[in-house]
Amino acid sequence: MSKSCFVWAAAFAPWIISAAEAAAPAWKPDRPVEIVINTAPGSGADKAGRVIQKILQERRLIEVPVNVTNRPGGGAPSPTTT
């Protein structure tokens, strides 16, 4: 990528991003949200999921309950599952 193209992209990125956000419909779940973690409880992914759950509930970013579910062994990429 040439330097002038990079400068142009960096200069106009905020406007392009804000226009895309304005065009996107608002997401409002109508039933509880479930965060599925494919590792055992206490792992790094589990802790990250619980932090996200806490932020969503404490800041009232969504108005439905958020549940974290651990399902160890489900770590295969989805194209390889049947």
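The values are calculated or read from the model by the stated rules, or taken from the named source; none is laboratory data. This structure is a prediction, so every number in the text was calculated from the model and none was measured. Glycine also receives a Cβ, built like all others from the backbone with ideal geometry; neighbour counts cover every protein chain displayed.
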Could you tell me which residue of the stretch 31-40 is surrounded by the fewest Cβ atoms within 10 Å (Cβ to Cβ), considering only residues that are at pLDDT below 90 and over 15 Å from the mean Cα position of the chain (by Cα)? Ala40
Going through the stretch 25-46 in order, the residues found to be touching a Lys or Arg at 6+ places or on another chain (Cβ under 9 Å) and part of a strand (DSSP E or B) are Ile35, Val36, Ile37
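Can you report the number of residues in the stretch 47-69 which are among the small types (Gly, Ala, Ser) and part of a loop (DSSP other than H, G, I, E, B)?
As a first pass, look at the stretch 47-69 and keep what is among the small types (Gly, Ala, Ser): 48-49.
Keeping just the survivors that are part of a loop (DSSP other than H, G, I, E, B) gives none.
Going through the stretch 47-69 one residue at a time, the tally reaches 0.
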Which numbered condition in (1) at pLDDT below 85; (2) of a type in the set (A, V, I, L, M, F, W, C); (3) loosely packed, with under 11 Cβ neighbours inside 10 Å is the only one that Trp8 fails? (3)
